[in-house]
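**Student:** Before we start, here is the structure in question, set down as structure tokens.
The values are calculated or read from the model by the stated rules, or taken from the named source; none is laboratory data. In this text, all values refer to a predicted model and were calculated from it rather than measured experimentally. In this analysis, Cβ positions are derived from the backbone assuming ideal geometry, glycine residues included, and neighbour counts consider all displayed protein chains.
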Amino acid sequence: MMRVATGIAAAFLAAGALAAEPPRTARGTSGAIEIASATPLRAKALRDASAPILVRVNAAGEGRYRIEYIGAIEGRFDLADAIESADGRAAEGLPDLEVEIYSQLPANHGTDVFGLGAPGFSLAAHYSSALAAIAALWIAVPAVFLVRRALRPKPAPPPAPVPAPTVAERLLAIVDEARGRELDARERGRLELLLLQELRAGAAQADASSIADLAGAVAALRLDARTNGVVRAVERWLHAPSAGDRAAALAEIDRLRLAKGGAA
């Protein structure tokens, strides 16, 4: 009987020891204990941001309170030290609120932060950043196109068409070419025709009916104050009887050309 009684007593002691073990919570995770109190409770104001354990008291209704906590370091802590009455006095009649904080990391690992792998990329976690990046790309494409178009060298304008030589230019070219040689009858006739075409076009006061034939045109140009000088000078050059007369006629043509800016 003594052995049986001793065995029963040992079993009760072991059960009591197991029941006395405080709740264990992993470091960095939250735990909670629910208690009953006739006195309103609250958590004491936190004075140190680096406290080893953080405690919060939430009313659960009908005189019950939920004590939530998070441990920052390993060890055993009494949550009663962080609780007081709602009026600021020390809380009385609290049950055993001792808890144990343990670490899930290997020994000598350091803190929970160092050595942990970086979390994988999550589109949901970066939704706003993804939208901003898409919007930036959407705006950048036309912007790059416009900038490249603005910086692109503009094509050179096409060269202006070379105007065909006027009758006056052809006339003066023939005169300059024939300065040092004798003109044959064909060249003299061509030169006289060019002279007539050029000067007749500028004879504003000549009547079309009066210059219908060559003789009438020459007569009208000889009477026109704007053309009579060059007409007579070219005629003297074309029909000069001697080299001296031709040289004098050419000098007169050059003088008239310089005086009128090459309009002869």
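**Student:** Go through the stretch 34-49 and count every residue that is part of a strand (DSSP E or B), in contact (Cβ under 8 Å) with a residue 40 or more places away in the chain and touching a Phe, Trp or Tyr at 6+ places or on another chain (Cβ under 8 Å).
**Tutor:** So the answer is 2.
**Student:** Select from the stretch 50-70 the residues that are assigned to a loop (DSSP other than H, G, I, E, B) and without any contact (Cβ under 8 Å) to a residue 24 or more places away in the chain and write down the one among them that is surrounded by the most Cβ atoms within 10 Å (Cβ to Cβ).
**Tutor:** Ala51
**Student:** Moving on. Does Glu235 satisfy being surrounded by 14 or more Cβ atoms within 10 Å (Cβ to Cβ), at pLDDT 65 or above and on the phi < 0 side of the Ramachandran plot?
**Tutor:** Yes.
**Student:** Determine, yes or no, whether Arg170 is over 19 Å from Ala247 (Cβ atoms), in a helix (DSSP H, G or I), basic (Lys, Arg) and modelled with pLDDT of 75 or more.
**Tutor:** no
**Student:** Can you find a residue in the stretch 87-108 that is free of Cβ contacts under 8 Å to residues at least 40 places away in the same chain, part of a strand (DSSP E or B) and closer than 18 Å to Arg24 by Cβ?
**Tutor:** Checking the stretch 87-108: not a single residue is free of Cβ contacts under 8 Å to residues at least 40 places away in the same chain, part of a strand (DSSP E or B) and closer than 18 Å to Arg24 by Cβ.
**Student:** Let me ask something additional. Name, by its number, the condition in (1) under 30 Å from Ile67 (Cβ atoms); (2) at pLDDT 65 or above that does not hold for Asp112.
**Tutor:** Here Asp112 clears every test but (2).
**Student:** Select from the stretch 31-52 the residues that are closer than 23 Å to Ser103 by Cα and modelled with pLDDT under 90 and list them in ascending order.
**Tutor:** Asp48, Ala49, Ser50, Ala51, Pro52
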